[in-house]
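Structure record follows, encoded as structure tokens.
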2 protein chains.
Amino acid sequence: MTDALDVRRRRVLGESYRLFYRDPVHLVRGEGVWLYDASGRRYLDAYNNVPSVGHGNPRVAAAMAEQARRLNAHTRYLSDEIVDYGERLLGLFDDSLDRAVFACTGSEANDLAYRMAREFTGAAGAIVTANAYHGVTGEIAALSPSLTSELAPTARAVPAPDPRLGAQAGPRFAAGVRAAVDDLARHGLRPAMLIVDTVMSSDGIIPDPVGMLADAVRVVRDAGGLYVADEVQAGFGRLGDGLWGFDRHGLVPDVVTLGKPMGNGYPLAGVVTRSEITSAFGGRYRYFNTFGGSSVAAAVGSAVLSEIADRDLVASCREVGARLRDGLEELAARHDLIGDVRGAGLFVGVDVEAGGGPSGAAAQAVVDGLRDAGVLVSATGPASATLKIRPPLVFGTEHADLLVETLDTVLAGMTERTAD
Amino acid sequence: MTDALDVRRRRVLGESYRLFYRDPVHLVRGEGVWLYDASGRRYLDAYNNVPSVGHGNPRVAAAMAEQARRLNAHTRYLSDEIVDYGERLLGLFDDSLDRAVFACTGSEANDLAYRMAREFTGAAGAIVTANAYHGVTGEIAALSPSLTSELAPTARAVPAPDPRLGAQAGPRFAAGVRAAVDDLARHGLRPAMLIVDTVMSSDGIIPDPVGMLADAVRVVRDAGGLYVADEVQAGFGRLGDGLWGFDRHGLVPDVVTLGKPMGNGYPLAGVVTRSEITSAFGGRYRYFNTFGGSSVAAAVGSAVLSEIADRDLVASCREVGARLRDGLEELAARHDLIGDVRGAGLFVGVDVEAGGGPSGAAAQAVVDGLRDAGVLVSATGPASATLKIRPPLVFGTEHADLLVETLDTVLAGMTERTAD
């Protein structure tokens, strides 16, 4: 049945789709941190950041259904839901960030942020990290080295901060950004923005050292550009230390982009920025996103914020994440396959090494081994050699322990097979 | 309360937002073709094409809630919902259109179509109609003359077909496309695509003459480009003659883009095309849209298709639309303010004239007059002088009659005031 579904899927969906795992998982149900396949087997979800308040969250589903029955107005009508939600959302940011614009996906949010940055600065350049991913619209794919080798002529990719450099990671990153500004200038361009995924997920998950972004932000601002914080992955509490990743680095961005967990799976995304920026943009362009900020989107977004607050998920995420990283560090001490462990809250990267260096093949074997053992994770980073562990925020200590135990067993099995 | 909401809204939402109507409507509830404001007053919705199977549709809301409770998997896992929906959707197109890729908004669908067309053709040019609107991503906004005067260097805008030319409308449109192809060539460019909103909504609503697109499509194909049918507005039965606008014109597009009514308000959009095109694109690019084609999106999309089929909405749309246009023609004969009436099914444009020509100001007065009288429409076209009448497909004959009667009264009032 699962094989037959795979065949039907290939006949229907475009070839740009990819499936996870050597042996793809055929999902039929989800609840909290658990996913169930067609045979009734359950998997611990240690990967999906979108259902951050849990798969099948009843409060979110109820809010969605109730609002869908009552009203789903768009933003060209006055309606309470979007204003209530907008106020609530802006209340979670520094006072200088006083305007919200809503979209449906992180790609749309980043695309809009780039349009706004160009309009506000009058410049066209964009500086990104070396293996950045910011989305799939034409313009944003061309700012995403992890997707394409053909960056936009206006884009410059700079080395991501190197966590091994400690206190020098920030200055070194800033030096790369300065070189990019200089190179843009040699081509008659100025930077409109430095856009950074705060946790640098596709660069291999780099949450530390804290403060490492400040120097680079100063460089881009001095050159007239904006600092755009892509919080699509890091935002809404996942890093366990406030709601936003840039808070950890002591920064207030010019523009913040939001997505993935914002609607727990309902397509909701947005841009939060200063009124002088939305005003410059709005003076020239209407921006109407039919579904962005609809009544249902707002009701769902509000239910997600309530779940995060009422269940104290940021604190839980910090505690469970710390315990998870302790367990992983302990594995790293015992297993040669495991190198550096990095993370903040429930966003954790674990480098997999073989033959003296990062190994994408070994990481993929660990990912597939975990899947076979009932735990779902993935791999990321320039060589796809970093395990990406990013579970729903409702992940508890018992789930963290199960993940560590299972990984221990999988690694032991791999070492045995290699020794055979 | 409504005024206070407007003030709060301005303090929260970006300045690129616009509200409908001189006196904005504060909506609190919707049901079928009716919308209700905060004072309890009801309005006949003769404008919103998104809730095509009705505001607050219970079947759609139930499908959404049930699936959100059960599972909301994304496309990197195997799951039944997206394959079932994909097969069902493709079953509604010519056999040559055998692949679907899902996104969340029409903007994303058009953005992806342009990326695919460039990759498949190896060309970069895009030909659009003179007042086209295709979306708000950076690349697509730059192909939307109705949004911006700064088109992309690779874009060429050509005059939309002129319905007054009758049988000559098609050849004249094709001549414009040929001139655009020639001009692209003078700049070292070739066309990747001709993209046309099948009902040319922002060009003033131009459904006829039937067949008017064929010559132009031949021209672009001869030059190596694709014909992209933007069915975001025309699709899913609205034109009352099959499900797709291009069917009326006897064409099979290379790429079809879908959106707005596809999920009755749930953010669901997609690209339907040939496997050779998705294969060329997929050979170079992954395309992962986190929320696009999720289990909930697929369940909602499927419920919408069931509603359209089970309630025979295409036939109803044809009949009610014909009656509506008859009524409007009758008004045109009696009111100097009304010029040409164009339409197919429940997509109707009514030109408003004053002082011997199209009048955006008079159209806006009619739109505001209707709003005050409890009927919601808008205006479109190059001079915003065309009433845009585009109600949910569940609009019945009694609603069509009410719309015509109310418009009659509003026009009479305007004529009286002018005569005073």
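The values are calculated or read from the model by the stated rules, or taken from the named source; none is laboratory data. Model, not experiment: these values are computed from the prediction. Glycine gets a Cβ as well: all are built from the backbone with ideal geometry, and neighbour counts include every protein chain shown. Only protein heavy atoms, including side chains, enter the accessible area calculation; ligands, DNA and RNA are left aside. Shrake-Rupley method; radii C 1.70, N 1.55, O 1.52, S 1.80 Å.
Taking H placed 1.01 Å from N in the peptide plane, check which residues at least 5 places from A:Arg29 or on another chain put their amide H under 5 Å from its amide H.
Amide H neighbours of A:Arg29: A:Tyr36.
For the protein assembly as shown, what is the convex hull volume of its Cα atoms per residue in Å³? List each step's numbers first, then the result.
Numbers: hull volume 128.6 nm³, N = 840.
Hull volume normalised by residue count: 153 Å³.
Residue by residue, what Karplus-based ³J(HN,Hα) values in Hz, rounded to whole numbers, does the range A:314-322 have, using 6.51, -1.76 and 1.60 with θ = phi - 60° and x for Gly and Pro?
Ordered by residue, 3J(HN,Hα) equals 5, 5, 4, 4, 5, 5, 5, x, 5 Hz.
Nearest-5 percent of antiparallel DSSP beta bridges in the protein assembly as shown?
Counting DSSP beta bridges with both partners in the protein assembly as shown, the antiparallel share is about 60 percent.
Using Cα centres only, tell me the gap between the range B:135-169 and the range B:1-32 in whole Å.
30 Å
For chain A, what is the percent of antiparallel DSSP beta bridges, rounded to the nearest 5? Please report the intermediate quantities before stating the final value.
On the way: 31 of 49 bridges.
If I count the DSSP bridges inside chain A, around 65 percent turn out antiparallel.
Work out the mean other chain Cβ neighbour count within 10 Å for the residues of A:128-139 and drop it here as an integer. Before the final figure, lay out the partial values.
Numbers: counts 0, 0, 0, 0, 0, 1, 0, 5, 13, 13, 11, 7.
Partner Cβ neighbours, averaged per residue: 4.
Return the distance in nm (one decimal) between the two label points of a simple spin-label model at B:Arg334 and A:Ala38, each offset 7 Å from Cα along Cα→Cβ.
6.2 nm
Give the nm distances, rounded to one decimal, from A:Thr409 to the matching residue in every other copy, measuring between label points 7 Å along Cα toward the beta carbon; shortest first.
7.3
Quick one: what are the phi-derived ³J(HN,Hα) couplings along the range A:287-303, Karplus 6.51/-1.76/1.60 with θ = phi - 60°, whole Hz, x for glycine and proline?
Residue by residue, the range A:287-303 yields 9, 10, 10, 3, 9, x, x, 5, 4, 5, 4, 5, 5, 5, x, 5, 5 Hz.
Using Cα pairs closer than 8 Å and at least 6 residues apart in sequence, work out the relative contact order for the range A:58-310, in percent.
29 percent
What Kirkwood radius, in Å to one decimal, follows from the Cα pairs of the range B:35-145?
Working: mean 1/r = 0.0560 Å⁻¹.
With all distinct Cα pairs of the range B:35-145 included, I get 17.8 Å.
Could you work out the helix-only [θ] at 222 nm for chain A, with each DSSP H run of four or more residues adding -39,500 (n - 2.57) and the total divided by the number of residues, to the nearest 500 deg cm²/dmol?
Values: 13 runs with 170 residues, N = 420.
The helix-only estimate for chain A comes to -13000 deg cm²/dmol at 222 nm.
Which ³J(HN,Hα) values in Hz, rounded to whole numbers, follow from the phi angles of the range B:103-113 under the Karplus curve 6.51 cos²θ - 1.76 cosθ + 1.60, where θ = phi - 60° and Gly and Pro get x?
The phi angles translate into 9, 10, 9, x, 4, 5, 5, 5, 4, 5, 4 Hz.
Quick check: Cα centre of the range A:261-308 to Cα centre of the range B:79-97, how many Å?
31 Å
Kindly give the distances from B:Asp183 to its copy-mates, label point to label point, with each label point 7 Å from Cα along Cα→Cβ, as nm values to one decimal ordered shortest first.
3.6
Using only Cα atoms, figure out Rg for the range B:19-78 and give it as a multiple of 2.2 N^0.38 Å.
Numbers: Rg = 15.9 Å, N = 60, 2.2 N^0.38 = 10.4 Å.
Normalised Cα radius of gyration, the range B:19-78: 1.52.
So if I place +1 on the C-beta of Lys and Arg and -1 on the C-beta of Asp and Glu, and nothing else carries charge, what would the dipole magnitude of the range B:1-91 be about its Cα centre? I want it in debye, nearest 20. Before the final figure, lay out each step's value.
Working: 14 positive and 12 negative charges, 71 e Å.
It comes to approximately 340 debye.
For the residue pair A:Asp182 and A:Arg311, what label-to-label distance in nm results when each label sits 7 Å from Cα along the Cα-to-beta-carbon direction?
A separation of 5.0 nm, rounded to one decimal place.
Principal axes first, then extents: for the Cα atoms of chain B, list largest minus smallest coordinate on each axis, whole Å, largest first.
Result, largest extent first: 67, 55, 45 Å.
Let me cross-check B:Thr397: its accessible surface, 1.4 Å probe, with only protein heavy atoms counted, in Å² to the nearest 10?
Rounded to the nearest 10, that gives 60 Å².
Under the convention of a label 7 Å out along Cα→Cβ, give the distances in nm from B:Arg22 to the same position in every other copy, shortest first.
7.1
Which value, in Å² rounded to 10, gives the accessible area of A:Asp84 with a 1.4 Å probe and all protein chains present?
80 Å²
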